[in-house]
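Student: I am attaching a structure below and will ask some questions about it afterwards.
The values are calculated or read from the model by the stated rules, or taken from the named source; none is laboratory data. Everything quoted here is computed from the prediction, not taken from an experiment. Glycine gets a Cβ as well: all are built from the backbone with ideal geometry, and neighbour counts include every protein chain shown.
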Amino acid sequence: MKLNPKILFPLGLIYLITPIFILIFLTVFAVKRIPDSSQEVSEKLVPITRTHAVIQSIIPVNNGFNTAVIYLRNKMLLNTDPLIFYLTDAQNQVLRQLTISGRNIGDGETIRFQFPPILDSAGKKFVIRLEAPQTNFGSNIIEAGFSNSDTYQAGASQDIQETGDLSFQLFYRPENKFVLLQDLFLRLVSQTLSARFLVVFPGTLVVLYFLSLKFLQSGKIHTLAGR
């Protein structure tokens, strides 16, 4: 039994669109954090010691800011001192505080600092401060990745001697699932209307149609009963 070639196009359309909706569903109901903004350039290392904290101002784009991922290096894994992460507001009030051991920091990797979401974080200035109160300069130190120049226009390093920016990624978790779904839908629409998609997507459907038609005409697709 052969399939009707007229149904190949809608079947191909369903085949391509279904994974997109599955991805959106999983994102809305399973993902705990979504990328916000970032400065991912790491061209040099800046020490974090008892007398030198690393301080960087940031401005999240979305509400629900709940994670900062920062590039850190614990050379040869020798540092076992505590590293303290502070998140403060523009008035220097501590909003979130996390402490990790140097044992949990690798020799050049991103470390995730996750905390309860800040619901009204969009467009507001915050400051990330990293301190190592038990680490002396010149000993086995933990270092943070920095860019050489000002690559993050929304914020800046608070060290007057530092011209670059901390290497970081911000994430958020919206409390309102409808807002998240709306945001994902708008992104999907914008991608759908892009020139590349308008060329690739119809082309994929055409190729799928003719390949399926060729198989049908060759008799290689049969129902289970026909085998």
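Student: Quick check on D150: is it assigned by TED's automatic domain parsing to the domain that holds P82 and surrounded by 13 or more Cβ atoms within 10 Å (Cβ to Cβ)? Outline the logic, then answer.
Tutor: Values: assigned by TED's automatic domain parsing to the domain that holds P82: yes; surrounded by 13 or more Cβ atoms within 10 Å (Cβ to Cβ): yes.
Yes: the conditions hold for D150.
Student: Right, next: Which one of these does G145 not meet: (1) more than 18 Å from N104 (Cα to Cα); (2) surrounded by 14 or more Cβ atoms within 10 Å (Cβ to Cβ)?
Tutor: Unmet condition: (1).
Student: Given R96, R173, which one is surrounded by 14 or more Cβ atoms within 10 Å (Cβ to Cβ), charged (D, E, K, R), within 20 Å of T67 (Cβ to Cβ) and free of Cβ contacts under 8 Å to residues at least 60 places away in the same chain? Before the answer, list the steps.
Tutor: Details: R173 fails: free of Cβ contacts under 8 Å to residues at least 60 places away in the same chain.
The conditions single out R96.
Student: Let me ask another. Could you list, in sequence order, the residues of the stretch 129-170 that are assigned to a strand (DSSP E or B) and either farther than 15 Å from Y71 by Cβ or of a type in the set (S, T, N, Q) (or both)?
Tutor: Step one: filter the stretch 129-170 for residues assigned to a strand (DSSP E or B), giving 129-131, 142-146, 157, 166, 168-170.
Selection gives R129, E131, S157, Q169.
Student: Restricting the first residue to the stretch 69-91 and requiring it to be surrounded by fewer than 18 Cβ atoms within 10 Å (Cβ to Cβ) and among the aliphatic types (A, V, I, L, M), which pairs with a second residue that is part of a helix (DSSP H, G or I) and at pLDDT 95 or above meet a Cβ separation below 7 Å and a spacing of at least six or different chains?
Tutor: none
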